[in-house]
């Protein structure tokens, strides 16, 4: 199989820039400028004439991620404004009041991202959706699995005009391998007949391992054969596109597939997230946690479980109200996220004021020290309730994961140490490692009252 090198294009300065809006109608310009800012989070650079546009492009050197261009602009009787914007390499969405087949051909010949006709009650909605999609498409990878030739080249050009990141391969085996090694491929367009297998066989093989919530498949068919269309759908494809290719059909079907996938992602995130803090919820922690632990055990990576509980949280709610309580929960969640940045770490709100941490790469000693640092940071948080300042403390239980047990057992072990921390006065860390250290010190020096970790400058030590 030929090696396919993956090249990631550097992020251009223009990607974070404002949307260029070329529109002489004050009404449309005001509406679109407001909606781009409020709904997409993008500022707008507005030009109402060809001369203003020329000055803007010269001053900004074309550093715009996308432009919305009105064809019928003063000083541009023959659409010169469109050619000017394209000459600066700016992707264009055309917004036009007059439209016929001649205008359509002129627009599509320039490979614009999209076009919207103003004589439409949903025109502004469509423009906003098109701009949002154009900005998002840069991060979406599309795989075209089709034998080399004019059809594949034409299709790839249409997809790239949508600002999609397109990869082309000729065989089903190349396509399958790329999908396995590139989880960021989200859409695959498949030809009917590949050099090493037919498109139906390819669809079936891919669907055995990848569901519709992970990958969308579109069949590219040579004719409008309804039996063939049904065959592709039954094999696992989500949609089909017929030849000869029509730019608008390709754009609409691909956009629909990507929008559906985005909706499924949002639903999956909502189902696995805590509604208040945005952390993973209990369900997700139990779903993902066991696999993370098993991976650590297989690779010999240290791993610990920790439970964090906000001390006297009920008193905060009763004294200051639930709104302040919610603010405290969000503040604790934010602190946890800042201190546990990294893909391997797993943080969840189990419910109420209790949070769970799966600390990958930390044995009992490191996890205990880290949690003491975490306890110290929590004590520095300040919240306001009217004219009062509210501070909090947390109790933390830590248990090192040393062998295969049920996931509940790991949590129960951390919960036992959390209980000990609360019983000993709260605002402290208890762990199996800490108990071993105290036990060794007790045997050496005689009985003494156990003390939690304390912080002295940048040094962590056990108090005597």
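The values are calculated or read from the model by the stated rules, or taken from the named source; none is laboratory data. Bear in mind that the values here come from a model prediction, so they are computed numbers and not experimental data. Here the Cβ positions follow ideal geometry from the backbone for every residue, glycine too, while neighbour counts run over all protein chains shown.
Could you go through the stretch 207-214 and let me know if any residue there is within 22 Å of residue 244 (Cα to Cα), assigned by TED's automatic domain parsing to the domain that holds residue 145 and outside any loop (DSSP other than H, G, I, E, B).
no
Of the residues 327, 299, which is more than 20 Å from residue 429 (Cβ to Cβ) and touching a strand residue (DSSP E or B) at 6+ places or on another chain (Cβ under 7 Å)?
After ruling out the rest, the residue left standing is 327.
Of the residues in the stretch 312-365, how many are in a helix (DSSP H, G or I) and either surrounded by 13 or more Cβ atoms within 10 Å (Cβ to Cβ) or over 24 Å from the mean Cα position of the chain (by Cα) (or both)?
Total satisfying the criteria: 27.
Just one of 76, 87 is at pLDDT below 90 and either within 18 Å of residue 20 (Cβ to Cβ) or surrounded by 16 or more Cβ atoms within 10 Å (Cβ to Cβ) (or both); which is it?
76
Please work out which one of (1) in contact (Cβ under 8 Å) with a residue 60 or more places away in the chain; (2) assigned by TED's automatic domain parsing to the domain that holds residue 65; (3) touching a strand residue (DSSP E or B) at 6+ places or on another chain (Cβ under 6 Å) is the condition residue 127 fails and give its number.
Failed condition: (2).
State yes or no: is residue 199 within 20 Å of residue 153 (Cα to Cα) and in the same structural domain as residue 175 (by TED's automatic domain parsing)?
Working: within 20 Å of residue 153 (Cα to Cα): yes; in the same structural domain as residue 175 (by TED's automatic domain parsing): yes.
Taking the combined requirement at face value, the residue satisfies it.
Quickly run through the stretch 183-208 and pick out the residues that are surrounded by fewer than 18 Cβ atoms within 10 Å (Cβ to Cβ) and touching a strand residue (DSSP E or B) at 6+ places or on another chain (Cβ under 7 Å).
184
Residue by residue, here is whether (1) assigned by TED's automatic domain parsing to the domain that holds residue 90; (2) outside any helix (DSSP H, G or I); (3) closer than 15 Å to residue 255 by Cα holds:
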| residue | (1), (2), (3) |
| --- | --- |
| 131 | no, no, yes |
| 151 | no, no, no |
| 160 | no, no, yes |
| 167 | no, yes, no |
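Residue-wise test of (1) crowded, with 20+ Cβ neighbours inside 10 Å; (2) within 18 Å of residue 137 (Cβ to Cβ); (3) modelled with pLDDT under 95.
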residue: 170; (1), (2), (3): no, no, no
residue: 229; (1), (2), (3): no, no, yes
residue: 239; (1), (2), (3): no, yes, no
residue: 272; (1), (2), (3): no, no, yes
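Looking at (1) out of contact with any helix residue (DSSP H, G or I) (no Cβ under 7 Å at 6 or more places or on another chain); (2) surrounded by fewer than 20 Cβ atoms within 10 Å (Cβ to Cβ), can you tell me which one residue 385 breaks?
Result: residue 385 passes all but (1).
Would you mind finding the one in 44, 22 that is at pLDDT 85 or above and over 29 Å from the mean Cα position of the chain (by Cα)?
On the way: 44 fails: over 29 Å from the mean Cα position of the chain (by Cα).
None of the others qualify; the one that does is 22.
From 94, 112, grab the single residue that is more than 24 Å from residue 200 (Cβ to Cβ), part of a strand (DSSP E or B) and touching a residue at least 12 places away in the same chain (Cβ under 8 Å). Full working, then the answer.
On the way: 112 fails: part of a strand (DSSP E or B).
Exactly one residue qualifies, and that residue is 94.
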